[in-house]
1. Semi-axes of the stretch 58-126's equivalent ellipsoid from the Cα gyration tensor, sqrt of 5 times each eigenvalue, largest first, rounded to whole Å?
2. Around Leu103, what is the net charge, scoring Lys/Arg as +1 and Asp/Glu as -1 over all other residues with Cβ under 15 Å from its Cβ?
3. Need the full-extension length gain, Ala66 to Ala182, defined as separation in residues times 0.36 nm minus the C-alpha distance. One decimal, nm.
4. With each pseudo-label sitting 7 Å past Cα toward Cβ, what's the Arg133-Thr43 distance in nm, one decimal?
5. Give me the net charge of Thr18's neighbourhood, meaning all other residues with Cβ under 12 Å from the Cβ of Thr18; Lys, Arg count +1, Asp, Glu -1.
6. What relative contact order, as a whole-number percentage, does the stretch 1-62 give when Cα pairs under 8 Å and 6 or more residues apart are counted?
7. In nm, to one decimal, how far is the modelled label at Asp157 from the one at Asp91, with both set 7 Å along Cα→Cβ?
8. Percent relative contact order of the chain, based on C-alpha pairs within less than 8 angstrom and at least six residues apart?
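Read the figures in this text as sums done on the coordinates, not as results from a lab. Since the model is a prediction, treat every value here as computed from it, not as a measurement. Cβ atoms come from the backbone with ideal geometry, glycine included; neighbour counts cover every protein chain shown.
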Amino acid sequence: MRLIIMGPPGAGKGTQATALAARINGAHISTGDIFRANVAEETELGTLAKQYMDAGEYVPDEVTNAMVKDRLSQPDALTAFLLDGYPRTLDQVHTLDAMLADLGSQLDGVVALTVDSEELIARLLKRAQTSGRTDDTEDVIRHRQEVYVSETAPLLDVYRERGILFEVDGMGSIEDIEARVAAALPA
């Protein structure tokens, strides 16, 4: 199964992605994790990505697309994967479509977690206290929410029109959300 998990920052994508990737026995491909690893290692990509991440902006498409294309071609992602944090723009949707076509595959579904905006901000402020992430200030969090609404939320309509969007209530316990995600997946 080839899936995407979507939702605004703080919706619980990372938390749910781990369980969902295990459920489908696929690779969990998190662009955020890859960016943060590069930042921690102070690679050239990491230095570039950090500038955008700290400002609450998306890392440029050309950097992200190349990274995802390489990752999707690796053996553990050929039969099943869960994309977490990609695509984020309409251009990336088209790029992903082309990547998958080159690999002879297509998406099976898109799981979209929905969460109240004030709950999202509270979750991310709490995460900032426990994780020490420098990109989790209230101003950056609010800006990231606005960027999501303007640039990424329109992707939901694309996947809804394709008939592969599965919207899931992202409020409640981790276990309750995980059960709702599992119930929403195509058979």
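1. Semi-axes from the Cα gyration tensor: 26, 14, 12 Å.
2. Charge balance near Leu103 sits at -2.
3. 38.7 nm
4. Spacing of the two 7 Å Cα→Cβ label points: 1.9 nm.
5. Charge balance near Thr18 sits at -1.
6. Relative contact order for the stretch 1-62 comes out at 16 percent.
7. Using points 7 Å along Cα→Cβ, the separation is 1.9 nm.
8. 33
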